[in-house]
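The structure appears below as structure tokens.
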């Protein structure tokens, strides 16, 4: 078997929505790495949201912020930031319409006081533990003008007044919008990324850098921001708990995260 690059979503794939990593997932990642395969995080999370327990599993690379940055062997090989015009226009749109939102950057979220209070309330009411909330948004820069940060990579929002499709239409063409990939959120919460930048473009950059062929790539995911990843990978694997549209695109469907889905997929694929 050729050595594979395995791109792994975090939430709903490696980490469950209570913030736990199943022991079977830890075992699968470590065994596959020992067999010579590249384990690569491929997530909407920014770097500050990737905590020690997760990184200690030993990844060879990271595609983060839904493709806005790519790392290989701890080196930053690509980074994209929202330009000033669209940082400002997105802030005006989201603030005027009462969204709770923040900008993600490598070292924390950038947010105003109103959104900070609203987001903490929403995440708590959706059953996220204090530790999980801390890992997601705990590192904050609170400012009246969060759009001014030049290192803003993407935006997440909660409790919007409009469904995702309308937000996407309003912010096109510079931005693309997908439903929030965080568990029980509804169609009024979403992730806003720079248009044309997604997990698949990050995968392509990583593969080109490492010299691994596209046909030797495998992707595992469950959420709306995994669609491009499923389509691009040599083999796309949907978790049993994945959204219906992810399962439709996937080449294979494994068990849910609580039924050793990642481990079982690695066995079927011959990675372990």
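For residue 225, the stated conditions do not hold, so it cannot be described as in the same structural domain as residue 65 (by TED's automatic domain parsing), in contact with a helix residue (DSSP H, G or I) (Cβ under 9 Å, 6 or more places away or on another chain) and under 17 Å from residue 28 (Cβ atoms).
Quick one: residue 135 ticks every box in (1) under 18 Å from the mean Cα position of the chain (by Cα); (2) surrounded by 21 or more Cβ atoms within 10 Å (Cβ to Cβ); (3) part of a helix (DSSP H, G or I) except a single one, so which number is it? Of everything listed in (1) under 18 Å from the mean Cα position of the chain (by Cα); (2) surrounded by 21 or more Cβ atoms within 10 Å (Cβ to Cβ); (3) part of a helix (DSSP H, G or I), residue 135 misses just condition (2).
Which numbered condition trips up residue 173, out of (1) out of contact with any helix residue (DSSP H, G or I) (no Cβ under 7 Å at 6 or more places or on another chain); (2) assigned to a loop (DSSP other than H, G, I, E, B); (3) in contact (Cβ under 8 Å) with a residue 40 or more places away in the chain? If we test residue 173 against (1) out of contact with any helix residue (DSSP H, G or I) (no Cβ under 7 Å at 6 or more places or on another chain); (2) assigned to a loop (DSSP other than H, G, I, E, B); (3) in contact (Cβ under 8 Å) with a residue 40 or more places away in the chain, just (3) comes out false. Annotation: residue 202 fulfils all but one of (1) surrounded by 17 or more Cβ atoms within 10 Å (Cβ to Cβ); (2) at pLDDT 95 or above; (3) under 17 Å from residue 12 (Cα atoms); the unmet one is (3).
Take residue 167 and tell me if it is crowded, with 21+ Cβ neighbours inside 10 Å and not assigned by TED's automatic domain parsing to the domain that holds residue 11. Judged against the criteria, residue 167 is a match.
Go over the candidates 107, 74 one by one and state the one that is in the same structural domain as residue 10 (by TED's automatic domain parsing), closer than 18 Å to residue 50 by Cβ, modelled with pLDDT under 95 and surrounded by fewer than 16 Cβ atoms within 10 Å (Cβ to Cβ). Of the residues listed, the single one that is in the same structural domain as residue 10 (by TED's automatic domain parsing), closer than 18 Å to residue 50 by Cβ, modelled with pLDDT under 95 and surrounded by fewer than 16 Cβ atoms within 10 Å (Cβ to Cβ) is 74. Checked across segment 114-124, the condition of being outside the structural domain of residue 39 (by TED's automatic domain parsing), surrounded by 13 or more Cβ atoms within 10 Å (Cβ to Cβ), in contact with a helix residue (DSSP H, G or I) (Cβ under 6 Å, 6 or more places away or on another chain) and not in a helix (DSSP H, G or I) holds for no residue. Note on segment 16-42: residues that are surrounded by 20 or more Cβ atoms within 10 Å (Cβ to Cβ) and free of Cβ contacts under 8 Å to residues at least 40 places away in the same chain amount to 2. The residue of segment 143-159 that is modelled with the lowest pLDDT, among those that are in contact with a helix residue (DSSP H, G or I) (Cβ under 8 Å, 6 or more places away or on another chain) and crowded, with 21+ Cβ neighbours inside 10 Å, is 158.
The values are calculated or read from the model by the stated rules, or taken from the named source; none is laboratory data. The structure displayed is predicted, hence computed values, not measured ones. All Cβ positions, glycine included, derive from the backbone under ideal geometry; neighbour counts span all protein chains shown.
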